[in-house]
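Heads up: the structure comes next, in structure tokens.
The values are calculated or read from the model by the stated rules, or taken from the named source; none is laboratory data. Source: prediction; values computed, not measured. Positions of Cβ are backbone-derived with ideal geometry, glycine not excepted, and every protein chain shown enters the neighbour counts. When the accessible area is computed, the model is the full protein with side chains, heavy atoms only, and any ligands, DNA or RNA have been set aside. Shrake-Rupley method; radii C 1.70, N 1.55, O 1.52, S 1.80 Å.
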There are 2 protein chains.
Amino acid sequence: MTPSVLETLVLEGISKIVLLVLDGVGDLPHPEHDWKTPLEAARTPHLDSLAPRAALGRILPVGPGITPGSGPGHLALFGYDPVETTVGRGVLEALGAGLELKPGDVAARANFCTVDGNGVVTDRRAGRIPTEACERLVDLLKKKAAKIEDVEVVLQAGKGHRFVAVFRGKGLGGQVSDADPHKEGKPIPSAHPIVTSQAAEKTARVVNAFVKRAAEVLKDEHPANAALVRGLSERPTFAGYGERFKLKAAAIAAYPMYRGVAQLAGMDVLAVGESPSDAFVAAHKHWNDYDFFFIHVKGTDMAGEDGNFAAKVNTIEDVDRALPELLGLDPDVLCVTGDHSTPVPVRGHSWHPVPALVVGRWCGADRADRFHEKTARAGSLGTLLSKDLMAVLLANASRLDKYGA
Amino acid sequence: MTPSVLETLVLEGISKIVLLVLDGVGDLPHPEHDWKTPLEAARTPHLDSLAPRAALGRILPVGPGITPGSGPGHLALFGYDPVETTVGRGVLEALGAGLELKPGDVAARANFCTVDGNGVVTDRRAGRIPTEACERLVDLLKKKAAKIEDVEVVLQAGKGHRFVAVFRGKGLGGQVSDADPHKEGKPIPSAHPIVTSQAAEKTARVVNAFVKRAAEVLKDEHPANAALVRGLSERPTFAGYGERFKLKAAAIAAYPMYRGVAQLAGMDVLAVGESPSDAFVAAHKHWNDYDFFFIHVKGTDMAGEDGNFAAKVNTIEDVDRALPELLGLDPDVLCVTGDHSTPVPVRGHSWHPVPALVVGRWCGADRADRFHEKTARAGSLGTLLSKDLMAVLLANASRLDKYGA
């Protein structure tokens, strides 16, 4: 189903949809835990009470075997084709750093490096300077390199040698090559336009001027005496929830990356604390203002990345304990799933299909005893691409018209 | 997932992947065997020992309801879209006949026919002459029609009235129509270029000269006094395992067709005997030379084509008995599957999904008691298109990078 066909079928409605994303929730059976996955091992009485009357299934974020980053994982959940709808590295980095991007902004990943007297890069990571040093140097650049021509340069320190640069001004474009040799022993190359356009030309000129200014400002510093800029990309503009799905959508997410991607998808981003309970309370508070709530829980992914089975179980149990607050709002459609799997043994994102639960008036009732990878595998939703999940949620919310007569 | 996205994610690695293809292994439940399939009925202690710690699933060679030939079935297993990546009939026939094709070769299916005094085809199959007669006549053509202009004509007798012709020379192309009326009662039409190109023109001219020469050489023979040429096609050149997947790949297959298709996919074709044990010994011998081994077992398909349940069970048991040799090599990822189903009651290739088993460090453990059509149906891999299987194998071998940040 191409989005364009889906979008022609979208109806106005008063039903409310909640998409509860437990980041990286999917996992593998653990021999040392009686072959249970964290979802299976967790005590989840409230999810258990939903399972028998829910439709279960699995979602594939991008396709078989493909491990997604957080950007593509969430774009797919939001109903975008994650291959056709790309968001540049610089933009994702800026969103992840909590910078708000305006239409027309060009964002880039940047880092401090060491150059020798001839301008040759001798260390692309400036000896991995500590974060505090990075923050001091970024403050310096904010004072001395915040404006190039009529372009504002918005800077934000990251971890170690990393920072983010956002170029904000008229007529900029992201089709510009890196000012980064990508290896030691070479000078910093000039950024140059990848396409023939005034926007790319101006951006390349501004980036090169910024790199030059940074080297001047930093010339007496050591080892971080220059800066590299790469992954230049424009804030993409694509149709969002309002336009595509006739949904007034809110994002309840504590971490910048997810807030940022939700914003790209046209959601209002609400203030929230870090716990699942905080998130559900925020949904309660804004319940009458929105049709769609994306609620993001980060702990499951972090536990997976840490290889911490118990922490993943605990986060799932935290969510379950807080769930009555959300269920009390009586959403017309509730979906619980993840943006990808982050199995504890893998200690990172993976390609494994992600369990999904959909409950609503018309969902059918799989009569599963619980919600986890194994019941999901046998569920009535089957295995879908994540990008098709939104259609299922809209359908369950009576927000899709019949296709054809 | 388009292949081009997959290919951007491929990493170098040292892990080894084995793809063990039991040709036509998929089958249907047989009422007269307690509703078991051959995989279920076979005694397979070694496959049984893999099953609990493997991920099971099913693959669809082309799509629902589509029965593939051996060419598309294997191209899909090798990660090519079998609809986009076509190999001409002449090329498949030549590969199946054991002819090695060089870049630029144009191959064709050919057969002897009977023409009357006016050159009208009265029998397109020359009374289905016996294979020995075909061999004698092909030898005659080899002596008298082996060179047309500067083009070498490589000939190989087939079964009955069939033979293969490969045109080898400078500036040939496969875009040429058949020198075959496709029905009796008409003269042999001239081959003509389908596109405007010098290569197609030269090839048509050479084919027509060959058909004319053949008729002269055969004029006193009966009933095979002329030849038809059809399915003209160029040896395709597409990116192979090395280029696409950064894998040094070997094919261990006794039958020409599979050796040929593997060669098109950029694999080295190793010498091997016909038994599963021979194949696994060959893998052992070359284990250090390759990253990827395609091992082909033909017996399952032949038994299916013959409608012989017991023979199919026997072949599966032969494979299982020999399996320790392969398992002893400790491949990082082992996949056991088929290129298509050849159910005993169908006595031919079919469209039914093919069971697949994948075992490796990150595969998960479906805890299935055995590997067969029914456990595969409930497995965690779900049902994939065959062309997506390579992505799953690469992922399991830690040879795919994350998609997006």
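Residue by residue through segment B:299-322, note down the ones that are basic (Lys, Arg) and either touching a Gly at 6+ places or on another chain (Cβ under 9 Å) or open to solvent by less than 20 Å² (accessible area, probe 1.4 Å) (or both). If you could, list the steps in order and put the result at the bottom.
Keep residues of segment B:299-322 that are basic (Lys, Arg), which gives B:312, B:321.
Once the filter is applied, which keeps residues that are basic (Lys, Arg) and either touching a Gly at 6+ places or on another chain (Cβ under 9 Å) or open to solvent by less than 20 Å² (accessible area, probe 1.4 Å) (or both), segment B:299-322 yields only B:LYS312.
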Completion exercise
Scanning segment A:272-288 for residues that are outside any helix (DSSP H, G or I) and of a type in the set (Gly, Ala, Ser) gives A:GLY273, A:SER275
Exercise for the section: Would you check which residues across segment A:289-298 are open to solvent by 20 Å² or more (accessible area, probe 1.4 Å) and within 20 Å of A:HIS349 (Cβ to Cβ) and list them? Expected result: A:LYS298
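Here is a check on your reading of the model: is A:VAL269 open to solvent by less than 10 Å² (accessible area, probe 1.4 Å), at pLDDT below 95 and either of a type in the set (Val, Ile, Thr) or out of contact with any helix residue (DSSP H, G or I) (no Cβ under 7 Å at 6 or more places or on another chain) (or both)? So that I can check it myself, show each step before the final result.
Numbers: open to solvent by less than 10 Å² (accessible area, probe 1.4 Å): no; at pLDDT below 95: yes; either of a type in the set (Val, Ile, Thr) or out of contact with any helix residue (DSSP H, G or I) (no Cβ under 7 Å at 6 or more places or on another chain) (or both): yes.
When the stated conditions are applied, A:VAL269 does not pass them.
If you take the residues of segment B:375-405 that are more than 9 Å from chain A (Cβ to nearest Cβ) and not small (Gly, Ala, Ser), which of them is surrounded by the most Cβ atoms within 10 Å (Cβ to Cβ)?
Initially, segment B:375-405 is screened for residues more than 9 Å from chain A (Cβ to nearest Cβ), giving B:375-377, B:386-387, B:397-399.
Now drop any that are not not small (Gly, Ala, Ser), which leaves B:375, B:377, B:387, B:399.
On the way: B:THR375: 20, B:ARG377: 15, B:LYS387: 27, B:ARG399: 25.
Applying the filter and picking the extreme gives B:LYS387.
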Completion exercise
Taking segment A:178-217 and keeping only residues that are small (Gly, Ala, Ser), assigned to a loop (DSSP other than H, G, I, E, B) and crowded, with 17+ Cβ neighbours inside 10 Å, one is left with A:ALA191
Handout entry: Pairs where the first residue, in segment B:1-23, is among the hydroxyl-bearing types (Ser, Thr, Tyr) and the second is open to solvent by 10 Å² or more (accessible area, probe 1.4 Å) and modelled with pLDDT of 95 or more, C-beta under 8 Å, 6+ apart
Key = B:SER15/B:ASP291; B:SER15/B:ASP332; B:SER15/B:SER398
Exercise for the section: Please specify each residue of segment A:117-138 satisfying the condition of being acidic (Asp, Glu) and closer than 19 Å to A:LEU155 by Cα. Expected result: A:GLU132, A:GLU135
Practice task
With respect to B:GLY382, determine if the residue is small (Gly, Ala, Ser) and more than 20 Å from B:ILE66 (Cα to Cα).
Solution key: no
Handout entry: Hits in segment B:220-232 - residues which are open to solvent by 10 Å² or more (accessible area, probe 1.4 Å) and outside any loop (DSSP other than H, G, I, E, B)
Key = B:ARG230, B:GLY231, B:LEU232
Exercise for the section: From (1) farther than 20 Å from B:PRO52 by Cα; (2) within 10 Å of chain A (Cβ to nearest Cβ); (3) of a type outside the set (A, V, I, L, M, F, W, C); (4) without any contact (Cβ under 8 Å) to a residue 60 or more places away in the chain, pick out the condition that doesn't hold for B:GLY307. Expected result: (2)
Problem - Odd one out for A:SER277 among (1) of a type in the set (S, T, N, Q); (2) surrounded by fewer than 17 Cβ atoms within 10 Å (Cβ to Cβ); (3) more than 27 Å from A:SER341 (Cα to Cα) - result: (3)
Practice task
Could you please let me know if B:GLY260 is small (Gly, Ala, Ser) and surrounded by fewer than 22 Cβ atoms within 10 Å (Cβ to Cβ)?
Solution key: no
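Can you tell me which residue in segment B:340-374 is surrounded by the fewest Cβ atoms within 10 Å (Cβ to Cβ), limited to those that are among the basic types (Lys, Arg) and away from chain A (no Cβ under 12 Å)? Step through it out loud before you land on a result.
Filtering segment B:340-374 down to residues among the basic types (Lys, Arg) leaves B:347, B:361, B:367, B:370, B:374.
From what's left, away from chain A (no Cβ under 12 Å): B:347, B:370, B:374.
Details: B:ARG347: 13, B:ARG370: 19, B:LYS374: 17.
Applying the filter and picking the extreme gives B:ARG347.
Residue check: is A:GLU84 open to solvent by 10 Å² or more (accessible area, probe 1.4 Å), modelled with pLDDT under 95, over 21 Å from A:VAL319 (Cα atoms) and within 8 Å of chain B (Cβ to nearest Cβ)?
On the way: open to solvent by 10 Å² or more (accessible area, probe 1.4 Å): yes; modelled with pLDDT under 95: yes; over 21 Å from A:VAL319 (Cα atoms): yes; within 8 Å of chain B (Cβ to nearest Cβ): no.
It is false that A:GLU84 is open to solvent by 10 Å² or more (accessible area, probe 1.4 Å), modelled with pLDDT under 95, over 21 Å from A:VAL319 (Cα atoms) and within 8 Å of chain B (Cβ to nearest Cβ).
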Handout entry: Single condition B:SER4 does not satisfy, out of (1) more than 18 Å from B:CYS335 (Cβ to Cβ); (2) among the hydroxyl-bearing types (Ser, Thr, Tyr); (3) at pLDDT 95 or above
Key = (3)
Fill in the blank from the handout: Within segment A:87-106, restricting to residues that are in contact with a helix residue (DSSP H, G or I) (Cβ under 7 Å, 6 or more places away or on another chain), assigned to a helix (DSSP H, G or I) and within 9 Å of chain B (Cβ to nearest Cβ), the one that is surrounded by the most Cβ atoms within 10 Å (Cβ to Cβ) is A:LEU92
Handout entry: Residue list for segment A:28-55, filter: more than 13 Å from chain B (Cβ to nearest Cβ) and in contact with a Pro (Cβ under 8 Å, 6 or more places away or on another chain)
Key = A:LEU39, A:HIS46
Practice task
Could you check, for segment A:249-256, whether at least one of its residues is surrounded by 18 or more Cβ atoms within 10 Å (Cβ to Cβ), modelled with pLDDT of 95 or more, in a helix (DSSP H, G or I) and not acidic (Asp, Glu)?
Solution key: no
Practice task
Evaluate segment A:330-338: report whether one residue or more is more than 14 Å from chain B (Cβ to nearest Cβ), at pLDDT 95 or above, surrounded by fewer than 16 Cβ atoms within 10 Å (Cβ to Cβ) and farther than 16 Å from A:LEU56 by Cα.
Solution key: yes
Exercise for the section: Output yes when any residue across segment A:4-22 is under 26 Å from the mean Cα position of the chain (by Cα), within 14 Å of chain B (Cβ to nearest Cβ) and within 26 Å of A:PHE309 (Cβ to Cβ), and no when none is. Expected result: no
Completion exercise
Of the conditions (1) more than 10 Å from every other protein chain (Cβ to nearest Cβ); (2) open to solvent by 10 Å² or more (accessible area, probe 1.4 Å); (3) in contact (Cβ under 8 Å) with a residue 40 or more places away in the chain, the single one that A:ARG109 does not satisfy is (1)
Handout entry: Verdict on B:GLY79 being touching a Ser or Thr at 6+ places or on another chain (Cβ under 6 Å) and open to solvent by less than 40 Å² (accessible area, probe 1.4 Å)
Key = no
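When segment A:232-256 is examined, which residues are found to be β-branched (Val, Ile, Thr) and closer than 20 Å to A:PHE293 by Cβ?
At the first step, the residues of segment A:232-256 found to be β-branched (Val, Ile, Thr) are A:237, A:252.
A:ILE252 - this is the single residue of segment A:232-256 that is β-branched (Val, Ile, Thr) and closer than 20 Å to A:PHE293 by Cβ.
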